[in-house]
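Asker: To start, I am sharing the structure in question, which I have written as structure tokens.
The values are calculated or read from the model by the stated rules, or taken from the named source; none is laboratory data. Keep in mind it's a predicted model, so treat the numbers as computed, not measured. FYI the Cβ positions are ideal-geometry reconstructions off the backbone, even for glycines, and counts take in every protein chain you see. Please note that ligands, DNA and RNA were not included when accessible areas were found on the heavy atoms of the full protein model with its side chains. Shrake-Rupley method; radii C 1.70, N 1.55, O 1.52, S 1.80 Å.
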Amino acid sequence: MDTIFALASARGKSGVAVIRVSGPRAHDVARAIAGRAPPLRQASLRKLYDANGELLDQGLVICFAAGHSFTGEDVVEFMVHGSLATVTAVETCLAEDHGLRMAKPGEFTRRALENGVMDLTQVEALGDLLEAETESQRRQALRVLDGAIGKLVTQWRGHLLKAAALVEASIDFVEEDVGNWDAQILTELQAVQEQLQSEIAGQGARERVQTGFEIAIIGSVNAGKSTLLNALAGRDAAITSEIAGTTRDVIELRMDIGGFAVTLLDTAGLRATDEQIEAIGIERGQKRAKAADMRLILCDSPGAPPPVGIAPGDIVLFSKADLYPSQEGGVSGITGQGVDDLLARIRVELSGRVARDGVTVRRRHLQAMLSAQSALTDAIDKLSMRDYIAELLAADIRQAINALDSLIGKIDVEDLLGDIFSSFCIGK
């Protein structure tokens, strides 16, 4: 196994730069450069020298033992002054004096996965955390990085292993009177199925936390949609004018609303028109609004009917509230009246959508859970038959386990045998 190194902090001028070394030679290299390695997991100030005895820098050195580091290998981190020249000098020393290899993108994390320090969902969460733009994304990524999905799937696999052990025992000891375990098998399978259904139900909203929610602003021509978009953005993101049909195409604006990543869609005003380009813009806007997670519908005045049908989750307001100062339930992009209340309503609505307990966040997670759910449904259906074939039931349970394996890892025969022996004391 190669010993690798890389700059673990951002490249460029900084107060401190962190250079990470991982692999079997990491501690030997630390002793060669720093004179002597500090006690494990203790930061020590050391002068750093190259192979010719020339001083490179003075910085902190921390050593981590295999099994107690980010990668699961021996690791050393050099914290040096963050000038480009200092970082280059240390990197040159590691590569030329000690023959270490520059790490490939993501190689430290890959080694953590291969060494069992992280599971696949945690690797994904680390990437999500590094890309997090909003508070909700940060919280969600940290929860998964802490192993929430792994713990949940481990619990599910425990139930399935118990069910599989019972089925395998009934097959192996079919000639003996060992009792009927169908009710217990069904209990184990239903426990997983119910939790899977709950997790699947809320997965879409949690996925949207990562990718961002889309909110379409719709209304008739000159309803103040673009003006409201600019007010929400705090800048002139869309062209506004008194000329009807100014907005021809969908204008997108990415922003943070209450800790949620949101893309606001300013759509073309709704009206009948013979102008071809405007008609295309209206049709395109209607399609985007239909696919959006939420719609902000602007009415022309207090009491005016909405220009489109209302769906659950829509927010309906009348626009140009500055013209109706005594009326409530309006918003004005010109004066800002009602804008703060609107942002609060959006935040409450989005919070409600992600309030369901759950931890899975990616489409890959959903596909694995749907596959496991399908296999469990087949298994439960077989149990309802009087003369089901136990081998086929066992195959369905194994398929469910394999589907969950795609989230965090593999199950081997020893897991199953261990559960059988510990539960039933079968050996004679």
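Asker: For Asp341 and Ala51 in one chain, what is 0.36 nm times their gap in residues minus the Cα-Cα distance, to one decimal in nm?
Answerer: In short, 97.9 nm is gained.
Asker: Working with all protein chains in place, sort Leu343, Leu189 by solvent-accessible area computed with a 1.4 Å probe, largest first.
Answerer: From most accessible down to least: Leu343, Leu189.
Asker: Once label points are set 7 Å from the Cα along Cα→Cβ at both Arg31 and Ser198, what is their separation, rounded to one decimal in nm?
Answerer: Spacing of the two 7 Å Cα→Cβ label points: 5.4 nm.
Asker: Only loop residues by DSSP count here, and only those with at most 10 other Cβ atoms within 10 Å; note down the GluC sites (Glu not before Pro) in the range 24-130 that meet that.
Answerer: Listed in order of number, the matching sites are Glu54.
Asker: Round to the nearest 10 and report in Å² the accessible area of Tyr49, as given by a 1.4 Å probe over the protein chains' heavy atoms.
Answerer: Spelled out: Tyr49, probe radius 1.4 Å, area about 90 Å².
Asker: Taking 35 Å as R0, compute the FRET efficiency from the Cβ-Cβ separation of Ala95 and Asn402 and round it to 0.05.
Answerer: 0.25
Asker: Related question: Distance between Cα centroids, the range 286-364 to the range 198-223: provide it in whole Å.
Answerer: Taking the Cα centre of the range 198-223 as reference, the centre of the range 286-364 is 12 Å away.
Asker: With the cut-off at 32 Å, tell me which of the pairs Lys104/Lys287; Lys151/Lys382; Lys47/Lys104; Lys104/Lys162; Lys290/Lys382; Lys290/Lys320 have Cα atoms farther apart than that.
Answerer: Beyond 32 Å between Cα atoms: Lys104/Lys287; Lys104/Lys162; Lys290/Lys382.
Asker: Of all the C-alpha pairs in the range 12-69, what % are more than 16 Å from each other?
Answerer: 44
Asker: Under the 0.36 nm per residue contour assumption, what length would be gained going from the current alpha-carbon distance of Leu129 and Asp2 to full extension?
Answerer: Answer, rounded to one decimal: 42.9 nm.
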